[in-house]
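Data block below; observations after.
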Amino acid sequence: MKRSEINAYITEAIELFNSISFKLPLFAYWTPEDWATKGVEADEIRDNALGWDITDYAEGRYSEIGLLLFTIRNGNYHRREIYPKGYAEKIMIVKENQICPMHYHWKKREDIINRGGGNLVLELYEADAEEGLSENDFHISVDGIKKDCRSGETVILVPGESICLEPFIYHKFYGEPGKGSVIVGEVSGVNDDENDNRFLKPLKRFPKIIEDEEPLHYLCNEYPSAK
Ligand SMILES: [Fe+2]
């Protein structure tokens, strides 16, 4: 992805979050110049990869397969003695027909929440013993209501609705066409992108970036070390 695209998507995301009065923490707006002044007091942001995260899964087709995320809070399985927090929260932008590809988590249980905008479509399967798509039916919980779910069933969340995705439940999601971009929340156990994402088709989690202009804001894996 080009840095100019990343800058534009972050600017657009801020407008969308503002459109539903979802307020980001102040570090969302820190510039590279601001980061140059930050010491060890900001280590929790660096160490737990809080902040902006945009990916096209290194496929080069962001509008078809991609996701914009802002991690608001997170724990850290590898440094529990410093960061014992057992939970995480994200806010994301999912565009119409923009796919977050089929994956599950071994550890993370996540509630995916439609915070506003369009409708969110999720396609769901249970994982089988070989980490493929099972044909078994299973149960889901939509805002506390237990429901039967057929293998491969599509669930649509309208603004305000949420679904609890248990570990080992494969999920893929995208914005319903014709309904606009969706502002999607995630409340979950600790997020560990390096070790807890099983993609059905192997994919890289982070994009390759072409530096064609200066970053407005660093991505969560780009922060400079403390001064
Ligand atoms: Fe997930």
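Restricting to the stretch 161-174, count the residues that are touching a His at 6+ places or on another chain (Cβ under 9 Å) and either under 22 Å from Ile20 (Cβ atoms) or not in a loop (DSSP other than H, G, I, E, B) (or both).
Qualifying residue count, the stretch 161-174: 6.
Under 7 Å by Cβ, and 6 or more places apart or on different chains, what pairs join a residue from the stretch 111-123 that is under 16 Å from Ile169 (Cβ atoms) and touching a residue at least 24 places away in the same chain (Cβ under 8 Å) with one that is of a type outside the set (D, E, K, R) and in a loop (DSSP other than H, G, I, E, B)?
As it stands, the answer is Glu123/Gly152, since those pairs meet every condition given.
If we scan the stretch 140-160, do we find a residue that is within 16 Å of the ligand (Cβ to nearest atom) and outside any strand (DSSP E or B)?
No, the stretch 140-160 contains no residue that is within 16 Å of the ligand (Cβ to nearest atom) and outside any strand (DSSP E or B).
When you look at Ser188, is it under 15 Å from the mean Cα position of the chain (by Cα) and hydroxyl-bearing (Ser, Thr, Tyr), yes or no?
Yes.
Of the residues that sit in the stretch 70-120 and are more than 14 Å from the ligand (Cβ to nearest atom), surrounded by fewer than 15 Cβ atoms within 10 Å (Cβ to Cβ) and not basic (Lys, Arg), which one is nearest to Gly180 (Cα to Cα)?
The qualifying residue nearest to Gly180 (Cα to Cα) is Asn97.
Testing Ile65 on (1) in contact with a helix residue (DSSP H, G or I) (Cβ under 7 Å, 6 or more places away or on another chain); (2) more than 16 Å from Val187 (Cα to Cα); (3) surrounded by fewer than 21 Cβ atoms within 10 Å (Cβ to Cβ), one condition comes back false. Which one is that?
(1)
Could you check, for the stretch 179-193, whether at least one of its residues is touching an Asp or Glu at 6+ places or on another chain (Cβ under 7 Å), over 29 Å from Glu44 (Cβ atoms), small (Gly, Ala, Ser) and assigned to a strand (DSSP E or B)?
Scanning the stretch 179-193 turns up no residue that is touching an Asp or Glu at 6+ places or on another chain (Cβ under 7 Å), over 29 Å from Glu44 (Cβ atoms), small (Gly, Ala, Ser) and assigned to a strand (DSSP E or B).
FYI, it's all coordinate maths here, none of it is from the lab. None of these values were measured; they are calculated from a predicted model. Don't worry about glycine lacking a Cβ; one is built from the backbone with ideal geometry, like all the others, and counts go over all protein chains shown.
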